[in-house]
Amino acid sequence: VNAEMKTRKRRITNINEQCTDILQPLIRERQREGAKLDDPLFVAQRSKNRLTIVSLSRLWSHWCKLAGLEGTFASHSGRKTKAYIMRVEDEMPIEVLMKVLNHSSPAMTLRYASIQDDECKQFYMRAL
């Protein structure tokens with residue numbers, strides 16, 4: 001359970017077993033460094049302070065370039081991409097996606113959902 005930085009709304013973050021397995025060594029390392037359970041898990045290498053949105057955006061942009069992706073990327077790109085994947089590949093209903101993203105308005109979730117013109121055309125053609 002954590003509070004979102006921007007809205008301060010309470011948010012429960014669920015992770016799967018694979019994520020748990022990957023995070024366990026990091027958690028043990030942070031505990032050896034003296035971190036408590038409610039301390040940030042992801043911290044800056046030098047300062048050991050919580051990662052800022054600016055720092056995370058720089059990292060995200062760097063990772064995208066390393067992956068050979070072209071364009072402008074920031075930390076929020078990953079959130080929007082995951083929302084799109086959950087809607088399209090996982091067929092998550094907009095109402096559930098809205099709760100997962102902790103949005104207070106369906107309009108914001110619809111912006112994240114990136115409904116494309118060709119999708120609308122496909123549904124329209126099936127309805128004929």
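The values are calculated or read from the model by the stated rules, or taken from the named source; none is laboratory data. No experiment lies behind these values; they were computed from the predicted model shown. Methodologically, a virtual Cβ is constructed for each residue, glycine included, from the backbone with ideal geometry; neighbour enumeration extends over all protein chains shown. Ligands, DNA and RNA are stripped out before the accessible areas are found, and what is left, the full protein with its side chains, is counted by its heavy atoms. Shrake-Rupley method; radii C 1.70, N 1.55, O 1.52, S 1.80 Å.
Angle, helix 53-66 long axis vs. longest principal axis of the chain, Cα atoms, 0 to 90°, nearest 10?
Rounded to the nearest ten degrees, it is 70.
Within segment 53-68, find all residues whose amide N lies under 17 Å from a label point positioned 7 Å from the Cα of ARG79 along Cα-to-beta-carbon.
53-61
Taking the chain as the reference, fit the longest principal axis to its C-alpha atoms, fit the long axis of helix 17-32 to the helix C-alpha atoms, and give the angle between the two in degrees, 0 to 90, nearest 10.
Rounded to the nearest ten degrees, it is 30.
How high is the relative contact order of segment 32-128? Use alpha-carbon pairs under 8 Å, at least six apart in sequence, and give a whole percent. Could the numbers behind the result be given before it?
Numbers: 55 pairs, mean separation 14.5, N = 97.
Reported as a whole number, the value is 15 percent.
Once neighbouring chains are kept in place and the probe is 1.4 Å, which whole percent of the accessible area of the chain is contributed by carbon and sulfur?
Numbers: 5880 of 10530 Å².
Exposed carbon and sulfur together represent 56 percent of the surface.
Taking the solvent-accessible surface of protein heavy atoms with a 1.4 Å probe, what is the per residue accessible area of the chain in Å²?
Working: 10530 Å² over 128 residues.
Result: 82 Å² per residue.
So what is log10(I(q)/I(0)) for the chain at q = 0.15, 0.19, 0.20 1/Å, when the Debye sum runs over its Cα atoms only?
Taken in order of the listed q values, log10 I(q)/I(0) reads -0.96, -1.36, -1.43.
Give the ranking of PHE123, PHE73 by solvent-accessible surface, highest area first, calculated with a 1.4 Å probe. Before the final figure, lay out the partial values.
Working: PHE123 130, PHE73 55 Å².
If we order PHE123, PHE73 from most to least accessible, we get PHE123, PHE73.
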